[in-house]
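The values are calculated or read from the model by the stated rules, or taken from the named source; none is laboratory data. What you are looking at is a predicted structure, and each value in this text was computed from that prediction instead of being measured. Cβ atoms come from the backbone with ideal geometry, glycine included; neighbour counts cover every protein chain shown. Side chains included, ligands, DNA and RNA excluded: accessible areas come from the protein's heavy atoms. Shrake-Rupley method; radii C 1.70, N 1.55, O 1.52, S 1.80 Å.
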Amino acid sequence: MKKRILTGDRPTGKLHLGHLVGSLQNRVNLQDEYEQFVMIADVQALTDNFTEPQKVRENVREVALDYLAVGIDPDKTTILIQSLIPEIAELTVYYLNLVTLERVLRNPTVKDEIKQKGFGKQIPAGFAVYPVSQAADITFCKANLVPVGEDQVPMIEQTREIVRKFNSLYGEVLVEPEALVGKIKRLPGTDGGAKMSKSLGNCIYLSDPADEVTKKVMSMYTDPKRVHPTDPGTVEGNPVFVYHDAFNPDKIEVEDFKKRYREGKVGDVEIKKRLAEVLNELLEPMRQRRAKYESNLDEIDRILRHGTDKAREVAAETMGEVRKAMKIDYFV
Ligand code: TRP
């Protein structure tokens, strides 16, 4: 039997290059070797967007389209909608007994987000406990591996704790998952900020047309201390070079750019022009797949429906074992 992957995204916006290097590339590469489940986490998206259900709804199809565009193959990967798997909500209720409030609030990802969103002391309870619901996401199919961006690693750690606690109390039912982080740990924003983030407006989206990508690259932040192309420049931490390292398959060219940049023998424009080309070559096949599905939205619905049905069968199996282990399997 193949090992399983589960991962997912909140449908709050279009996916970008950060998602690609963090997790999407791993999903595409591993979908043959693993039985893969990819979840559109609408329940989780609602924990901090409950006043905007229409936004979440619209982004479910947007994210599905991004998945299909990058090459997640619906014949190999099960794509599902979280809210349509009620077993996840059930598992969440039982797992909530196995964690303390203190522990969820100590989760570094949750802490960061609470700060970012400015909740102060008014933290919505559903938001505070979303790591527990994420543990249910991961365990409903007994996933072994979870490809995610670096920021999600504390979520997997918390899931492992819940699994260990469950298994020690009720018997070995659940599987302890491992996180798999992409090769590039964190992709900076086009503004040089620490990470690409929709709210910061520093993203290159997988769905950006070629001229938009070029425009964004040409106005990217580089080495602020460098005024003329003949000034020696800094490569380390320079987002243009981080992107070249992440996306340019021609490593010899990248090394040559770096050398000339350090020596003040190449202008930003040349390096950026080449980066724009590299990115557009990478994105072009995605644009073509996207166009195919965009003209056939019924097909996306069919894929989501089919994936969700399959995931429900798997969830029902796990739920049966959980009920038995917890002695709430009354009438079987
Ligand atoms: N928390 C993830 C994010 O914000 C999305 C997510 C929901 C997820 N459920 C998951 C990721 C399960 C991995 C596994 O991007």
Identify, from the list GLU284, GLU294, the residue that is out of contact with any Lys or Arg (no Cβ under 8 Å at 6 or more places or on another chain), in contact (Cβ under 8 Å) with a residue 12 or more places away in the chain and exposed (fewer than 13 other Cβ atoms within 10 Å of the Cβ). GLU284
Test for LYS117: is it surrounded by fewer than 18 Cβ atoms within 10 Å (Cβ to Cβ) and touching a helix residue (DSSP H, G or I) at 6+ places or on another chain (Cβ under 7 Å): yes
Residues being open to solvent by 20 Å² or more (accessible area, probe 1.4 Å) and modelled with pLDDT of 95 or more - total across the range 136-151: 3
Pick out the one residue from GLU33, GLU87, GLU58, GLU62 that is out of contact with any helix residue (DSSP H, G or I) (no Cβ under 9 Å at 6 or more places or on another chain), open to solvent by 10 Å² or more (accessible area, probe 1.4 Å) and within 16 Å of the ligand (Cβ to nearest atom). GLU62
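Results for (1) more than 15 Å from the chain's Cα centre (by Cα); (2) in the same structural domain as THR318 (by TED's automatic domain parsing); (3) over 26 Å from GLU299 (Cβ atoms); (4) outside any loop (DSSP other than H, G, I, E, B), shown as yes or no for each residue.
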residue	(1), (2), (3), (4)
GLY8	no, yes, no, yes
ASN26	no, yes, no, yes
MET39	no, yes, no, yes
THR47	yes, yes, yes, yes
GLN54	yes, yes, no, yes
GLU58	yes, yes, no, yes
ARG61	yes, yes, no, yes
GLU87	yes, yes, yes, yes
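Does GLY182 meet the test of being near the ligand (Cβ under 9 Å from one of its atoms), within 19 Å of the chain's Cα centre (by Cα), under 20 Å from ASN29 (Cα atoms) and at pLDDT below 95?
Numbers: near the ligand (Cβ under 9 Å from one of its atoms): no; within 19 Å of the chain's Cα centre (by Cα): yes; under 20 Å from ASN29 (Cα atoms): yes; at pLDDT below 95: yes.
No, not satisfied.
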Quick check, is LYS310 in contact with a strand residue (DSSP E or B) (Cβ under 6 Å, 6 or more places away or on another chain) and at pLDDT 95 or above? yes
